[in-house]
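The values are calculated or read from the model by the stated rules, or taken from the named source; none is laboratory data. Since we're looking at a predicted model, the values are computed, not measured. Don't worry about glycine lacking a Cβ; one is built from the backbone with ideal geometry, like all the others, and counts go over all protein chains shown. With ligands, DNA and RNA removed, areas are computed over all heavy atoms of the protein, side chains included. Shrake-Rupley method; radii C 1.70, N 1.55, O 1.52, S 1.80 Å.
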Amino acid sequence: MNLILLGAPGAGKGTQAELLVEALGIPSISTGNMLREAIANGTEIGKQAKHYMDNGLLVPDEVILGIVAERVAQPDCANGFILDGVPRTLAQAEALEAKGVRIDHVVSIEIDDSVIEGRMTGRRVCSKCGASYHIVANPTKVEGICDACGAEVVIRKDDTPETVQKRLKVYHEETEVLKEFYAKRGNLRMVEGNQAIKQITSDILEKIGAKV
Ligand code: ADP
Ligand code: ADP
Ligand code: ZN
(Lines give C-alpha, C1' and ligand atoms only; values in the text may rest on other atoms or scores of the structure.)
(Ligands and ions follow the chains in the order given, each with its own letter.)
Protein backbone atom coordinates (compact mmCIF):
# COMPACT_ATOMS: atom_id res chain seq x y z
CA MET A 1 0.00 0.00 0.00
CA ASN A 2 1.39 3.39 -1.04
CA LEU A 3 0.27 6.34 1.05
CA ILE A 4 0.76 10.08 1.09
CA LEU A 5 0.35 12.12 4.28
CA LEU A 6 -0.74 15.65 3.50
CA GLY A 7 -1.25 18.51 5.94
CA ALA A 8 -0.04 21.87 7.16
CA PRO A 9 3.25 22.17 9.05
CA GLY A 10 2.53 20.80 12.52
CA ALA A 11 -0.59 18.89 11.47
CA GLY A 12 1.00 15.69 12.79
CA LYS A 13 2.29 14.03 9.61
CA GLY A 14 5.60 12.91 11.13
CA THR A 15 3.95 11.67 14.32
CA GLN A 16 1.38 9.64 12.40
CA ALA A 17 3.97 8.36 9.94
CA GLU A 18 5.96 6.81 12.82
CA LEU A 19 2.83 5.09 14.17
CA LEU A 20 1.75 3.88 10.72
CA VAL A 21 5.19 2.37 10.11
CA GLU A 22 4.51 0.12 13.11
CA ALA A 23 0.89 -0.58 12.22
CA LEU A 24 1.45 -1.30 8.53
CA GLY A 25 5.03 -2.58 8.44
CA ILE A 26 6.07 -0.31 5.57
CA PRO A 27 8.74 2.44 5.67
CA SER A 28 8.10 6.14 5.93
CA ILE A 29 9.86 8.54 3.62
CA SER A 30 10.12 12.00 5.12
CA THR A 31 11.68 14.54 2.79
CA GLY A 32 12.09 16.96 5.72
CA ASN A 33 14.09 14.37 7.70
CA MET A 34 16.14 13.42 4.64
CA LEU A 35 17.00 17.06 3.96
CA ARG A 36 17.91 17.73 7.63
CA GLU A 37 20.18 14.69 7.53
CA ALA A 38 21.78 15.95 4.32
CA ILE A 39 22.44 19.32 5.97
CA ALA A 40 23.92 17.64 9.06
CA ASN A 41 26.21 15.58 6.82
CA GLY A 42 27.23 18.57 4.72
CA THR A 43 26.27 16.91 1.41
CA GLU A 44 25.68 18.76 -1.86
CA ILE A 45 21.89 18.35 -1.49
CA GLY A 46 22.12 19.69 2.05
CA LYS A 47 23.96 22.76 0.81
CA GLN A 48 21.30 23.37 -1.84
CA ALA A 49 18.42 22.95 0.63
CA LYS A 50 19.60 24.80 3.72
CA HIS A 51 18.79 28.36 2.76
CA TYR A 52 15.24 27.48 1.68
CA MET A 53 14.52 25.45 4.81
CA ASP A 54 15.88 28.03 7.23
CA ASN A 55 13.62 30.61 5.61
CA GLY A 56 10.46 28.50 5.53
CA LEU A 57 10.47 28.24 1.72
CA LEU A 58 10.09 25.12 -0.39
CA VAL A 59 13.20 23.42 -1.68
CA PRO A 60 13.17 23.31 -5.53
CA ASP A 61 11.13 20.48 -7.05
CA GLU A 62 14.10 18.93 -8.92
CA VAL A 63 16.02 18.40 -5.68
CA ILE A 64 13.02 16.77 -4.00
CA LEU A 65 12.10 14.56 -6.95
CA GLY A 66 15.65 13.27 -7.19
CA ILE A 67 15.79 12.10 -3.58
CA VAL A 68 12.27 10.64 -3.62
CA ALA A 69 12.70 8.70 -6.87
CA GLU A 70 15.89 7.17 -5.52
CA ARG A 71 14.29 6.25 -2.19
CA VAL A 72 11.07 4.61 -3.47
CA ALA A 73 13.16 2.43 -5.79
CA GLN A 74 14.86 0.75 -2.82
CA PRO A 75 13.88 -2.85 -1.99
CA ASP A 76 12.24 -2.04 1.37
CA CYS A 77 9.61 0.01 -0.49
CA ALA A 78 8.49 -2.93 -2.63
CA ASN A 79 5.45 -3.67 -0.42
CA GLY A 80 4.51 -0.06 0.06
CA PHE A 81 5.63 3.21 1.60
CA ILE A 82 4.37 6.29 3.38
CA LEU A 83 5.31 9.65 1.88
CA ASP A 84 5.51 12.21 4.72
CA GLY A 85 5.68 15.79 3.49
CA VAL A 86 5.92 15.03 -0.21
CA PRO A 87 4.49 15.92 -2.71
CA ARG A 88 4.09 19.54 -1.66
CA THR A 89 3.51 21.22 -5.03
CA LEU A 90 1.38 20.40 -8.06
CA ALA A 91 4.59 19.94 -10.06
CA GLN A 92 5.83 17.31 -7.57
CA ALA A 93 2.51 15.43 -7.67
CA GLU A 94 2.45 15.48 -11.47
CA ALA A 95 6.06 14.33 -11.68
CA LEU A 96 5.41 11.37 -9.35
CA GLU A 97 2.42 10.41 -11.49
CA ALA A 98 4.49 10.75 -14.67
CA LYS A 99 7.18 8.50 -13.18
CA GLY A 100 4.50 5.84 -12.62
CA VAL A 101 4.60 5.99 -8.80
CA ARG A 102 1.24 4.44 -7.83
CA ILE A 103 -0.63 6.12 -4.95
CA ASP A 104 -3.47 4.29 -3.18
CA HIS A 105 -4.53 6.77 -0.51
CA VAL A 106 -3.80 10.40 0.21
CA VAL A 107 -4.57 11.16 3.85
CA SER A 108 -5.09 14.84 4.58
CA ILE A 109 -4.71 15.65 8.27
CA GLU A 110 -7.04 18.61 8.72
CA ILE A 111 -6.13 21.24 11.27
CA ASP A 112 -6.94 24.86 11.90
CA ASP A 113 -4.08 27.38 11.61
CA SER A 114 -4.84 28.62 15.14
CA VAL A 115 -3.74 25.28 16.63
CA ILE A 116 -0.39 25.21 14.86
CA GLU A 117 1.63 27.69 16.89
CA GLY A 118 1.20 25.78 20.16
CA ARG A 119 2.27 22.61 18.41
CA MET A 120 5.41 24.15 16.98
CA THR A 121 6.61 25.96 20.09
CA GLY A 122 6.44 22.65 21.98
CA ARG A 123 7.92 20.47 19.25
CA ARG A 124 11.20 18.66 19.88
CA VAL A 125 12.76 16.41 17.26
CA CYS A 126 15.44 13.75 17.54
CA SER A 127 18.73 15.00 16.17
CA LYS A 128 19.55 11.50 14.92
CA CYS A 129 16.41 9.61 13.80
CA GLY A 130 14.04 12.57 13.32
CA ALA A 131 11.31 11.28 15.67
CA SER A 132 8.88 14.05 16.64
CA TYR A 133 7.82 14.84 20.24
CA HIS A 134 5.94 17.56 22.07
CA ILE A 135 6.84 18.80 25.55
CA VAL A 136 3.20 18.54 26.68
CA ALA A 137 1.20 16.40 24.24
CA ASN A 138 3.83 13.74 23.51
CA PRO A 139 6.89 14.04 25.77
CA THR A 140 9.94 11.79 25.67
CA LYS A 141 10.12 9.28 28.55
CA VAL A 142 13.44 10.73 29.69
CA GLU A 143 13.67 14.49 29.31
CA GLY A 144 15.75 15.53 26.31
CA ILE A 145 16.39 11.96 25.09
CA CYS A 146 14.73 10.21 22.13
CA ASP A 147 12.67 7.14 23.14
CA ALA A 148 13.41 5.43 19.85
CA CYS A 149 17.20 5.79 19.58
CA GLY A 150 18.59 7.49 22.71
CA ALA A 151 19.97 10.54 20.92
CA GLU A 152 19.39 14.12 21.99
CA VAL A 153 16.13 15.88 21.06
CA VAL A 154 16.38 19.45 19.82
CA ILE A 155 14.29 22.43 18.71
CA ARG A 156 14.14 22.75 14.93
CA LYS A 157 15.73 25.91 13.59
CA ASP A 158 12.66 26.62 11.45
CA ASP A 159 10.13 26.29 14.30
CA THR A 160 10.28 29.97 15.24
CA PRO A 161 6.89 31.76 15.15
CA GLU A 162 7.86 33.91 12.13
CA THR A 163 9.09 30.98 10.03
CA VAL A 164 6.07 28.92 11.04
CA GLN A 165 3.77 31.68 9.75
CA LYS A 166 5.68 31.74 6.48
CA ARG A 167 5.45 27.94 6.13
CA LEU A 168 1.71 28.07 6.79
CA LYS A 169 1.31 30.64 4.03
CA VAL A 170 3.34 28.46 1.66
CA TYR A 171 1.14 25.49 2.60
CA HIS A 172 -2.05 27.37 1.72
CA GLU A 173 -0.60 28.80 -1.48
CA GLU A 174 1.25 25.81 -2.91
CA THR A 175 0.32 22.56 -1.18
CA GLU A 176 -3.36 22.73 -0.36
CA VAL A 177 -4.32 22.44 -4.07
CA LEU A 178 -3.12 18.84 -3.90
CA LYS A 179 -6.32 17.95 -2.05
CA GLU A 180 -8.28 18.82 -5.16
CA PHE A 181 -5.75 17.06 -7.40
CA TYR A 182 -6.11 13.78 -5.49
CA ALA A 183 -9.85 14.17 -4.85
CA LYS A 184 -10.34 14.15 -8.63
CA ARG A 185 -8.49 10.83 -8.74
CA GLY A 186 -10.69 9.41 -5.95
CA ASN A 187 -7.73 9.04 -3.56
CA LEU A 188 -8.38 11.72 -0.94
CA ARG A 189 -9.22 10.68 2.65
CA MET A 190 -9.68 13.47 5.21
CA VAL A 191 -9.11 13.00 8.93
CA GLU A 192 -9.64 15.41 11.82
CA GLY A 193 -6.21 16.43 13.13
CA ASN A 194 -7.30 18.17 16.32
CA GLN A 195 -7.81 15.09 18.46
CA ALA A 196 -5.69 12.65 20.45
CA ILE A 197 -2.71 11.18 18.56
CA LYS A 198 -3.95 7.57 18.89
CA GLN A 199 -7.46 8.48 17.75
CA ILE A 200 -6.05 10.02 14.57
CA THR A 201 -4.06 6.85 13.83
CA SER A 202 -7.19 4.80 14.31
CA ASP A 203 -9.19 7.11 12.00
CA ILE A 204 -6.48 6.87 9.33
CA LEU A 205 -6.39 3.07 9.48
CA GLU A 206 -10.15 2.98 9.14
CA LYS A 207 -10.21 5.38 6.17
CA ILE A 208 -7.57 3.40 4.28
CA GLY A 209 -9.35 0.12 5.00
CA ALA A 210 -6.52 -1.26 7.12
CA LYS A 211 -8.27 -1.46 10.48
CA VAL A 212 -8.33 -4.96 11.96
P1 ADP B 1 6.77 20.26 8.51
O2 ADP B 1 6.35 18.83 8.71
O3 ADP B 1 6.85 21.01 9.77
O4 ADP B 1 5.97 20.94 7.46
P5 ADP B 1 9.07 19.17 7.07
O6 ADP B 1 10.05 18.53 7.95
O7 ADP B 1 8.16 18.31 6.28
O8 ADP B 1 8.25 20.22 7.96
O9 ADP B 1 9.79 20.17 6.05
C10 ADP B 1 10.71 21.13 6.51
C11 ADP B 1 11.21 21.95 5.34
O12 ADP B 1 11.87 21.08 4.40
C13 ADP B 1 10.13 22.66 4.53
O14 ADP B 1 9.79 23.90 5.08
C15 ADP B 1 10.83 22.79 3.17
O16 ADP B 1 11.79 23.82 3.18
C17 ADP B 1 11.61 21.48 3.06
N18 ADP B 1 10.82 20.41 2.40
C19 ADP B 1 10.45 19.22 2.94
N20 ADP B 1 9.75 18.49 2.06
C21 ADP B 1 9.66 19.24 0.94
C22 ADP B 1 9.05 19.06 -0.34
N23 ADP B 1 8.36 17.94 -0.65
N24 ADP B 1 9.16 20.05 -1.25
C25 ADP B 1 9.86 21.18 -0.99
N26 ADP B 1 10.44 21.43 0.19
C27 ADP B 1 10.37 20.46 1.15
P1 ADP C 1 4.28 17.63 10.96
O2 ADP C 1 5.16 16.47 10.59
O3 ADP C 1 2.97 17.60 10.24
O4 ADP C 1 4.97 18.94 10.86
P5 ADP C 1 4.55 16.64 13.72
O6 ADP C 1 4.11 15.23 13.65
O7 ADP C 1 5.99 16.92 13.86
O8 ADP C 1 3.90 17.48 12.50
O9 ADP C 1 3.75 17.33 14.92
C10 ADP C 1 3.95 18.71 15.26
C11 ADP C 1 4.00 18.84 16.77
O12 ADP C 1 2.69 18.58 17.31
C13 ADP C 1 4.93 17.86 17.48
O14 ADP C 1 5.44 18.51 18.63
C15 ADP C 1 4.01 16.71 17.85
O16 ADP C 1 4.48 15.98 18.99
C17 ADP C 1 2.70 17.42 18.16
N18 ADP C 1 1.51 16.66 17.83
C19 ADP C 1 1.33 15.79 16.79
N20 ADP C 1 0.08 15.28 16.77
C21 ADP C 1 -0.57 15.85 17.82
C22 ADP C 1 -1.91 15.75 18.36
N23 ADP C 1 -2.83 14.95 17.78
N24 ADP C 1 -2.22 16.47 19.44
C25 ADP C 1 -1.30 17.30 20.02
N26 ADP C 1 -0.03 17.44 19.59
C27 ADP C 1 0.34 16.73 18.50
ZN1 ZN D 1 15.88 9.21 17.79
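Summary table below
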| read-out | value |
| --- | --- |
| Condition met for SER108 (of a type in the set (S, T, N, Q), open to solvent by 10 Å² or more (accessible area, probe 1.4 Å) and in contact with a strand residue (DSSP E or B) (Cβ under 7 Å, 6 or more places away or on another chain)) | no |
| Residue that is within 12 Å of ligand 1 (Cβ to nearest atom), out of contact with any His (no Cβ under 7 Å at 6 or more places or on another chain) and closer than 18 Å to ALA8 by Cα, where the choices are ILE45, ILE67, ILE39, ILE29 | ILE29 |
| Residue that is least open to solvent (accessible area, probe 1.4 Å), among those in region 111-129 that are part of a loop (DSSP other than H, G, I, E, B) and closer than 23 Å to SER202 by Cα | ILE111 |
| Region 7-33 - residue that is under 18 Å from GLY56 (Cβ atoms) and among the hydrophobic types (A, V, I, L, M, F, W, C) and, of those, nearest to ligand 2 (Cβ to nearest atom) | ALA11 |
| Residues being away from ligand 2 (no atom under 16 Å from the Cβ) and open to solvent by 50 Å² or more (accessible area, probe 1.4 Å) - total across region 55-72 | 3 |
| Sole exception among (1) farther than 22 Å from LYS207 by Cα; (2) under 15 Å from the mean Cα position of the chain (by Cα) for GLY10, by number | (1) |
| Counted residues, region 87-107 - those being part of a helix (DSSP H, G or I) and touching an Asp or Glu at 6+ places or on another chain (Cβ under 9 Å) | 4 |
| Qualifying residue in region 66-80 (condition: small (Gly, Ala, Ser) and under 22 Å from ASP159 (Cβ atoms)) | no |
| Failed condition for ALA210, given (1) outside any helix (DSSP H, G or I); (2) closer than 24 Å to ALA137 by Cβ; (3) in contact (Cβ under 8 Å) with a residue 12 or more places away in the chain; (4) not hydroxyl-bearing (Ser, Thr, Tyr) | (2) |
| Meets criteria (surrounded by fewer than 16 Cβ atoms within 10 Å (Cβ to Cβ), within 13 Å of ligand 1 (Cβ to nearest atom) and part of a helix (DSSP H, G or I)) for GLU180 | no |
| Candidate set from region 195-212 (those that are near ligand 2 (Cβ under 10 Å from one of its atoms) and open to solvent by less than 90 Å² (accessible area, probe 1.4 Å)); member that is nearest to VAL115 (Cα to Cα) | GLN195 |
| Residue selected from region 160-177 under the condition of a type outside the set (S, T, N, Q) and closer than 25 Å to VAL21 by Cα, by the criterion most open to solvent (accessible area, probe 1.4 Å) | GLU176 |
| Single unsatisfied condition, LEU35 versus (1) touching a Gly at 6+ places or on another chain (Cβ under 8 Å); (2) open to solvent by 20 Å² or more (accessible area, probe 1.4 Å) | (2) |
| Tabulated pairs, region 186-207, first under 11 Å from LEU19 (Cα atoms), second within 16 Å of ligand 3 (Cβ to nearest atom) and open to solvent by 50 Å² or more (accessible area, probe 1.4 Å), C-beta under 6 angstrom, 6+ apart or interchain | THR201/LEU19 |
| ARG36 under 15 Å from the mean Cα position of the chain (by Cα) and over 18 Å from THR175 (Cβ atoms) | yes |
